[in-house]
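K.L.:
Structure incoming, see below.
Read-outs: derived from the displayed coordinates by stated rules, not from any lab. If you're wondering where the values come from, they're calculated on a predicted model, not measured in any experiment. Ideal geometry is used to build each Cβ from the backbone, glycine not excepted, and the neighbour counts take in all protein chains shown.
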Amino acid sequence: MQPRPLARFEGETLSWDGAPVLHDVTLSLCEGERLVLLGHSGSGKSTLLNAIRLKLEAARPAPRIALVPQDPGLVPQLSVFHNVWMGGLDDRSAAYGLLTLLRPPARERARLAPVIERVGLSGFERRRVASLSGGQKQRTALARALMRGGAALIADEPVSAVDPRQSGDLLAALSDRFPTMALALHDPERARALATRIVGLKAGRIVFDRPAAELSLPTLHALYGH
């Protein structure tokens, strides 16, 4: 049985803030795929990810989606714990959310502890996000997505601020948690190791869309002119 398409594009023009960015987009994202977008900054990766998100949200029934945007959208005045906990905010009542904001129950701290440990932030639970480094903020956003879970992950450069030695482990954590993923990355080696399919973007168009196993590193590096 063929995997079910969750999002499909047929010859579409995709825009950002009213301006056309990508032309003649024909693409699908199926259940169980790890789709990675590669290309220069400004090539349209964020535009395509946003369009995929909108398609998923418009589906009926809509799958549960976790997001890791480039701007992680954290609340700087709140702690790491609270920002991670908000990944599942819509699973709780408003009253329980207020209680957790004022005095987090021990059971909630215990429930989040493995997720926070998985991204390497154990001991930072009570730290305000405003005091964190860029890499620590990105780890907090990843933990929030892991906490939310769901059928699909949409992530835009999710490890760009993280130590390269640890980015592979964090991407593996996302892969273990989400059955379907669409990510923009900047590292061809990481893309080839993670993806089932890779889409290359250049000059406003998709220049290739192929299984990762069929793509060589020289082909991927050629997107960047080297």
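K.L.:
So how do Thr180, Thr100 line up by other beta-carbon neighbours within 10 Å, fewest first? Don't jump to the answer; show the numbers that get you there.
P.N.:
Working: Thr180 23, Thr100 18.
Fewest-to-most ranking of Thr180, Thr100: Thr100, Thr180.
K.L.:
Please work out whether region 1-75 counts as rounded, prolate or oblate from its C-alpha gyration tensor, where a ≥ b ≥ c are the square roots of the eigenvalues and a/c under 1.5 means rounded, while otherwise a/b larger than b/c means prolate and anything else oblate?
P.N.:
Working: a/c = 1.64, a/b = 1.17, b/c = 1.40.
Cα axes put region 1-75 in the oblate bin.
K.L.:
Quick check of the Kirkwood formula: for region 76-148, what is the inverse mean of 1/r over all pairs of different Cα atoms, in Å?
P.N.:
Working: mean 1/r = 0.0832 Å⁻¹.
It works out to 12.0 Å.
K.L.:
Additional query: Given a cut-off of under 8 Å on Cα pairs at least six residues apart, what relative contact order in percent is computed for region 180-226? Please list the in-between numbers first.
P.N.:
Working: 39 pairs, mean separation 14.9, N = 47.
Reported relative contact order: 32 percent.
K.L.:
Give the cross-link partners of Lys202 among the lysines, using a straight C-alpha distance below 16 Å as the criterion and excluding same-chain residues fewer than 8 apart.
P.N.:
Straight-line reach from Lys202, under 16 Å: Lys45.
K.L.:
Then there's this: What is the gain in length, in nm to one decimal, between His23 and Ser93 on full extension, counting 0.36 nm per residue of separation less the C-alpha to C-alpha distance?
P.N.:
Details: separation 70, 0.36 × 70 = 25.20 nm, distance 4.29 nm.
20.9 nm is the gain from fully extending His23 to Ser93.
K.L.:
With a cut-off of 8 Å between alpha carbons and a minimum separation of six or more residues, what is the relative contact order of region 76-148 in percent?
P.N.:
Details: 68 pairs, mean separation 41.6, N = 73.
Here the relative contact order equals 57 percent.
K.L.:
Also: Give the order of Phe208, Phe178, Phe9 when sorted by the count of other beta carbons within 10 angstrom, beginning with the fewest.
P.N.:
Working: Phe208 16, Phe178 23, Phe9 19.
So the residues, fewest neighbours to most, are Phe208, Phe9, Phe178.
K.L.:
Which Cα, out of Ser122, Gly73, Pro164, lies furthest along the positive dipole direction of the chain (beta carbon charges, K/R +1, D/E -1)?
P.N.:
Comparing the listed Cα positions along the dipole, Ser122 ranks first.
K.L.:
Do you know the relative contact order of the chain, to the nearest whole percent, from alpha carbon pairs under 8 angstrom that are 6+ apart?
P.N.:
Numbers: 390 pairs, mean separation 65.4, N = 226.
That works out to 29 percent.
K.L.:
Using a simple charge model, +1 on the beta-carbon of Lys and Arg, -1 on the beta-carbon of Asp and Glu, nothing else, what dipole does region 78-201 show about its Cα centre, in debye to the nearest 20?
P.N.:
Numbers: 18 positive and 12 negative charges, 84 e Å.
The dipole magnitude comes to about 400 debye.
K.L.:
Now for a separate question. In what sequence do Thr13, Thr219 fall when counting other Cβ within 10 Å, fewest first? Present the calculation step by step, with values, prior to reporting the outcome.
P.N.:
On the way: Thr13 12, Thr219 16.
Ranked by crowding around the Cβ, least crowded first: Thr13, Thr219.
K.L.:
For Asp209 and Ala59 in the same chain, what is the full-extension length gain: residue separation times 0.36 nm, less their Cα-Cα distance, in nm? Before the final figure, lay out each step's value.
P.N.:
Numbers: separation 150, 0.36 × 150 = 54.00 nm, distance 2.32 nm.
Taking 0.36 nm per residue and subtracting the Cα distance, the gain is 51.7 nm.
K.L.:
Distance in nm between label sites at Arg128 and Val75, each 7 Å beyond Cα in the beta-carbon direction?
P.N.:
For Arg128 paired with Val75, the spin-label model returns 1.4 nm.
K.L.:
Here are a few candidate values for Kirkwood radius over Cα pairs in Å: (1) 19.2; (2) 18.4; (3) 17.8. Which one was actually calculated from the structure I just gave you?
P.N.:
Label (2) holds the value from this structure.
K.L.:
Then there is this: If you put +1 on each Lys and Arg Cβ and -1 on each Asp and Glu Cβ, how big is the dipole of the chain around its Cα centre, in Debye rounded to 20?
P.N.:
Values: 29 positive and 22 negative charges, 147 e Å.
Using Cβ point charges on Lys, Arg, Asp and Glu, the chain gives about 700 debye.
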